[in-house]
Amino acid sequence: MDDIPFERIERRAIEGNEDLFYLLMSASFVETGSDTYAANLAEHYRDYPEIAAWLQERWESEELQHGAALRRYVEAVWPDFPWQEAYDSFFGEYSKLCTVEELHEDRHLEMVARCVVETGTTAYYHTLRELSDEPVLRELLGNIRNDEVGHFKHFLKYFKQLQETSPVSRAKIAGALYARLKELRESDSDVALRHVYAHRGRHFSESRHSFADIAQRAYQLVSTQLPADLAVRMLLKPLLLPPRIEGYLHAPIARFATRVMAP
């Protein structure tokens, strides 16, 4: 947090950007609520002490740091937004969705799902960074994106460790990738967006956009700017394919992923 020069934020470069208002606020909510999800994951992997310890000691703390940094940024740019009130409203709904029962029963395949989620967050923060020219925000989002890449690498490493002891088939892995990829559109950010919109007050009150318009606009922005090559390279990793076969599959998987994520 101390490495980010929040005092140098160029407010005029961003405070009038309605799209980033919604995208950044919703991201700050989801990241701030990540400790609930982290606790569930740690419980899910309690039989694997190394994984559970990393989830609690590293992953959770970094996700919460992302939330704190994003909150500090959005409160600096839009100080009149009732962040805590809106977050409490969001968390009242979000916490009910974060249960151990929502995780994949097979711990191998839940780890695959985690790889998909980290791919999505890496691409998401990369895209938000590209949507802004405000220097402090670009630095902050670049740091978060790099953390998400690191998280992906850890989940992939632990998946490989699980595969060494009791492997699951590539067909099951592909099925888990496909299922989680389809769910990305129905993401936690949809819940967060709804609560940002409900508490927006005077912010962009002159806009005639309905919530449906805001949600569709946000999705279109992110999906059309998504770094497809980066995302596909990451998505293919859990299949543990030989490099040559992975190269052959890159183009068709890219087309499929784009089609699934298309607005």
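See the values below:
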{"read-out": "Cα-centred dipole magnitude for the stretch 33-80, charges only on beta-carbon of K, R (+1) and D, E (-1), debye, nearest 20", "value": "100"}
{"read-out": "Dmax and Rg, reported as Rg then Dmax, of the chain (C-alpha, Å)", "value": "18.6, 59"}
{"read-out": "Cα-derived Rg over Rh, computed across the stretch 1-99 with Rh taken as Kirkwood radius", "value": "1.06"}
{"read-out": "Per residue solvent-accessible surface (Å²) - the chain, probe of 1.4 Å", "value": "49"}
{"read-out": "Relative contact order of the stretch 79-219, defined on C-alpha pairs under 8 angstrom at six or more residues apart (%)", "value": "37"}
{"read-out": "Evaluated at q = 0.20 Å⁻¹: base-10 log I(q)/I(0), Debye formula over Cα of the stretch 111-228", "value": "-1.19"}
{"read-out": "Estimated dipole of the chain in Debye, rounded to 20 [Cβ of Lys and Arg +1, of Asp and Glu -1, Cα centre]", "value": "1120"}
{"read-out": "Degrees separating the helix 170-183 axis from the principal Cα axis of the chain, which is the longest one", "value": "10"}
{"read-out": "Estimated inter-spin distance, Tyr248 and Lys160, nm [label 7 Å along Cα→Cβ]", "value": "2.3"}
{"read-out": "Charge dipole (debye, nearest 20) of the stretch 1-104; +1 at Cβ of Lys and Arg, -1 at Cβ of Asp and Glu", "value": "180"}
{"read-out": "Shape metrics for the stretch 52-180, restricted to C-alpha atoms - Rg then Dmax, Å", "value": "17.1, 53"}
{"read-out": "Charge-dipole axis of the stretch 72-163 as Lys and Arg at +1 and Asp and Glu at -1 on Cβ define it, positive-most pick from Phe159, Val74, Gly92", "value": "Phe159"}
{"read-out": "Within the chain, helix-based [θ] at 222 nm, where runs of 4 or more DSSP H residues each add -39,500 (n - 2.57), nearest 500", "value": "-24000 deg cm²/dmol"}
{"read-out": "Whole-percent carbon and sulfur share, accessible surface of the chain, 1.4 Å", "value": "50"}
{"read-out": "Approximate spin-label separation Tyr178-Ala53, in nm, with each point projected 7 Å along Cα-to-Cβ", "value": "3.9"}
{"read-out": "Whole-angstrom gap from the stretch 59-138 to the stretch 212-257, using each part's C-alpha centre", "value": "20"}
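The values are calculated or read from the model by the stated rules, or taken from the named source; none is laboratory data. As the structure is a computational prediction, the values presented were derived from the model and not from experiment. Glycine also receives a Cβ, built like all others from the backbone with ideal geometry; neighbour counts cover every protein chain displayed. Just so you know, the surface numbers come from the protein's heavy atoms only, side chains and all, with ligands and any DNA or RNA stripped out. Shrake-Rupley method; radii C 1.70, N 1.55, O 1.52, S 1.80 Å.
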